[in-house]
Amino acid sequence: MASLGHTVVGVDVDAQKIEMLASGRVPFYEPGFDELLREQLASGRLAFSTDFAVIADAEVHFLAVGTPQRADGHGANLAYVDAAFESVLPHLAEGALIAGKSTVPVGTAARLDAIVREKAPHAALAWNPEFLREGFAVEDTLRPDRLVYGVRPGDEGASAVAQLDEVYATAIESGIPRLVMDFATAELVKVSANAFLATKISFINAMAEIAEVTGADVTQLADAIGHDARIGRRFLNAGIGFGGGCLPKDIRAFSARAEELGVGRAVGFLREVDEINMRRRDRVVELALNAFDGDVTGRKIAVLGLAFKPDSDDVRDAPALDVAYRLHDLGADVRATDPEAIETARRVHPELNYVPQITDALADAELVIVATEWRHFRELDAAEAGSRVARAHMIDARNCLDPVAWRAAGWTFQGLGRP
């Protein structure tokens, strides 16, 4: 927002995070963000604080806090949204707009809007969901594929639209589609998009299960059906499954909210989507056990990748980290590596053995598992890697390597859903 010319202040209750950001240090890995942060701090348009009083002059307040899965069920934990909302309310100037970015259960915006009407009638609420992909978040913020505004009906909504149009003027002028709708529809746009993507991934992973028992190749299958314009090739990559801080918890929260609304059967298929996804992790562990006749105790296993996807250090619900931990728990001598996610993984599972270099992970390994499709792993030289291991056995849990090249280099090679 600062790079678009706006004057911005970022507020958080986490003092350590604010201190890092104010000094130009990014508390997470996101390509291109560190340089952008330093540039905008130097411009004087961007500042950070833990004091909510500094927002008193702001015209638009974006609420961008997490909605993790509740500890007691599959629903979304709205404690952070509610706390941020209540903290902003006392500081709203005349005509100010609160714009929600968080992924929330449908009905949340209407509930918060009623509070605004009661406690801050001089302000307004809009719901403006984000569609950022980790690893591409800078690009997706500056050049989104669409803008969604959920607003009140009538003149109040028109005013909110005008304020958001001013914020996003650069994107709108470039032709980015802008969609104006009611609160509930705006909330559903985000969760239904994530549910669709999760379904597409689990569909091809279900096909991988069938391919494994029939001798078919799920990668060739995906290529073939992906030529159908109604289907498309994207998100048809079979493997260890999806993870991260969005898809898993969002489909569970969507299902939980549908149950609360009495229409749980409408999204009942999402439970199977989730189960298929989790089974892919089981399959990787099963393949690892099979490689050692059912017992991995003391076996040296290299796990390449910990983040849930490349170009991120996010290990929330990461299949790679889960598989590494499960093999460790079964007694394996796991050496895990990742270009960016070692420290975030260590905070979740400090008991794992993390090594910074790929060569350290490969040294004398009896089994290698590619669990995150980082470029560093996709571009490994099969012959050179083979010279470092004790036994050349590869499980490509992301189907990102060329099986012909690896087998030609002497490796026993297994993909998911591939013969």
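The values are calculated or read from the model by the stated rules, or taken from the named source; none is laboratory data. Source: prediction; values computed, not measured. Quick reminder, even Gly has a Cβ in these numbers, built from the backbone with ideal geometry, and neighbours come from all protein chains shown.
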* Asked: Among the residues of region 34-50, is there at least one that is touching a residue at least 60 places away in the same chain (Cβ under 8 Å), in a loop (DSSP other than H, G, I, E, B) and within 16 Å of Val138 (Cα to Cα)?
  -> no
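Criterion first (of a type outside the set (S, T, N, Q), free of Cβ contacts under 8 Å to residues at least 12 places away in the same chain and within 25 Å of Gly107 (Cα to Cα)) does Glu286 satisfy it?
On the way: of a type outside the set (S, T, N, Q): yes; free of Cβ contacts under 8 Å to residues at least 12 places away in the same chain: yes; within 25 Å of Gly107 (Cα to Cα): no.
No.
Run down Val60, Val106 and say which single residue is in contact with a strand residue (DSSP E or B) (Cβ under 8 Å, 6 or more places away or on another chain), crowded, with 18+ Cβ neighbours inside 10 Å and either aliphatic (A, V, I, L, M) or more than 27 Å from Ala15 (Cβ to Cβ) (or both). Before you say what the answer is, go through the steps one by one.
Values: Val106 fails: in contact with a strand residue (DSSP E or B) (Cβ under 8 Å, 6 or more places away or on another chain).
Being in contact with a strand residue (DSSP E or B) (Cβ under 8 Å, 6 or more places away or on another chain), crowded, with 18+ Cβ neighbours inside 10 Å and either aliphatic (A, V, I, L, M) or more than 27 Å from Ala15 (Cβ to Cβ) (or both) holds for just one of Val60, Val106, which is Val60.
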* Return a yes/no flag: does region 403-417 have any residue that is at pLDDT 95 or above, surrounded by 21 or more Cβ atoms within 10 Å (Cβ to Cβ), touching a Gly at 6+ places or on another chain (Cβ under 9 Å) and closer than 13 Å to Leu304 by Cα. => no
* Output the residue which, of all residues in region 246-284 that are acidic (Asp, Glu) and under 16 Å from Val191 (Cα atoms), is surrounded by the fewest Cβ atoms within 10 Å (Cβ to Cβ). => Glu260
* To do: Scan region 334-341 and give yes if some residue there is more than 22 Å from Arg375 (Cβ to Cβ) and either among the hydroxyl-bearing types (Ser, Thr, Tyr) or touching a strand residue (DSSP E or B) at 6+ places or on another chain (Cβ under 7 Å) (or both), otherwise no.
  => yes
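Residues checked against (1) among the β-branched types (Val, Ile, Thr); (2) touching a His at 6+ places or on another chain (Cβ under 6 Å); (3) surrounded by 14 or more Cβ atoms within 10 Å (Cβ to Cβ); (4) more than 23 Å from Gly100 (Cα to Cα):
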{"position": "Ala2", "(1), (2), (3), (4)": "no, no, yes, no"}
{"position": "Thr7", "(1), (2), (3), (4)": "yes, no, yes, no"}
{"position": "Met20", "(1), (2), (3), (4)": "no, no, yes, yes"}
{"position": "Ser23", "(1), (2), (3), (4)": "no, no, no, yes"}
{"position": "Leu37", "(1), (2), (3), (4)": "no, no, yes, no"}
{"position": "Gly44", "(1), (2), (3), (4)": "no, no, no, yes"}
{"position": "Ala53", "(1), (2), (3), (4)": "no, no, no, no"}
{"position": "Gly66", "(1), (2), (3), (4)": "no, no, yes, no"}
* **Evaluation of Ala371 against (1) over 16 Å from Pro310 (Cβ atoms); (2) buried (at least 19 other Cβ atoms within 10 Å of the Cβ); (3) touching a helix residue (DSSP H, G or I) at 6+ places or on another chain (Cβ under 8 Å) (one fails), failing number** => (1)
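So, Glu94, is that one touching a residue at least 24 places away in the same chain (Cβ under 8 Å) and surrounded by fewer than 16 Cβ atoms within 10 Å (Cβ to Cβ) or not? Even if it seems obvious, please write down each step before you answer.
Details: touching a residue at least 24 places away in the same chain (Cβ under 8 Å): yes; surrounded by fewer than 16 Cβ atoms within 10 Å (Cβ to Cβ): yes.
So Glu94 passes the test.
Inspect region 248-269 for any residue being part of a helix (DSSP H, G or I), farther than 23 Å from Asp402 by Cβ and touching a Phe, Trp or Tyr at 6+ places or on another chain (Cβ under 9 Å) and give the result as yes or no.
Just the residues of region 248-269 that are part of a helix (DSSP H, G or I), to begin with: 248-260, 264-267, 269.
From what is left, the residues that are farther than 23 Å from Asp402 by Cβ are 248-260, 264-267, 269.
Filter once more, so that each one left must be touching a Phe, Trp or Tyr at 6+ places or on another chain (Cβ under 9 Å): 248, 267.
Checked against the condition, which is being part of a helix (DSSP H, G or I), farther than 23 Å from Asp402 by Cβ and touching a Phe, Trp or Tyr at 6+ places or on another chain (Cβ under 9 Å), region 248-269 yields at least one hit.
So, of the residues in region 59-71 that are within 22 Å of the chain's Cα centre (by Cα) and assigned to a loop (DSSP other than H, G, I, E, B), which turns out to be nearest to Asn128 (Cα to Cα)? Full working, then the answer.
Applying the first criterion (within 22 Å of the chain's Cα centre (by Cα)) to region 59-71 yields 62-71.
Next, from what is left, pick out any that are assigned to a loop (DSSP other than H, G, I, E, B): 64-68, 70-71.
Details: Ala64: 10, Val65: 13, Gly66: 15, Thr67: 15, Pro68: 19, Arg70: 23, Ala71: 27 Å.
Here the residue is Ala64.
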* **Residue check for Val180: over 21 Å from Gly95 (Cβ atoms), touching a strand residue (DSSP E or B) at 6+ places or on another chain (Cβ under 6 Å), buried (at least 17 other Cβ atoms within 10 Å of the Cβ) and not hydroxyl-bearing (Ser, Thr, Tyr)** => no
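Quick one: in region 1-51, which of the residues that are polar (S, T, N, Q) and in contact with a strand residue (DSSP E or B) (Cβ under 6 Å, 6 or more places away or on another chain) is farthest from Arg316 (Cα to Cα)?
Taking region 1-51 as the starting set, the residues that turn out to be polar (S, T, N, Q) are 3, 7, 16, 23, 40, 43, 49-50.
Restricting the remaining residues to those that are in contact with a strand residue (DSSP E or B) (Cβ under 6 Å, 6 or more places away or on another chain) gives 40, 49.
Details: Gln40: 29, Ser49: 26 Å.
Per the criteria, the residue is Gln40.
Just checking: which of the helices (runs of 4 or more DSSP H) contained wholly in region 334-391 hold 1 or more residues that are under 20 Å from Ala409 (Cα atoms) and over 26 Å from the mean Cα position of the chain (by Cα)? Step through it out loud before you land on a result.
Working: elements: 342-348, 358-362, 375-378, 382-386.
Result: 358-362, 382-386.
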* With the checklist (1) of a type in the set (A, V, I, L, M, F, W, C); (2) touching a residue at least 24 places away in the same chain (Cβ under 8 Å); (3) assigned to a helix (DSSP H, G or I) in hand, flag the one item Ala216 doesn't pass. => (3)
* May I ask you to list pairs of residues, at least six apart or on different chains, whose Cβ atoms are under 7 Å apart, with the first in region 347-363 being more than 14 Å from Leu327 (Cα to Cα) and the second being assigned to a loop (DSSP other than H, G, I, E, B) and modelled with pLDDT of 95 or more? => Val348/Val315; Thr359/Arg388; Ala361/Val355; Leu362/Arg388; Leu362/Val389; Ala363/Arg388
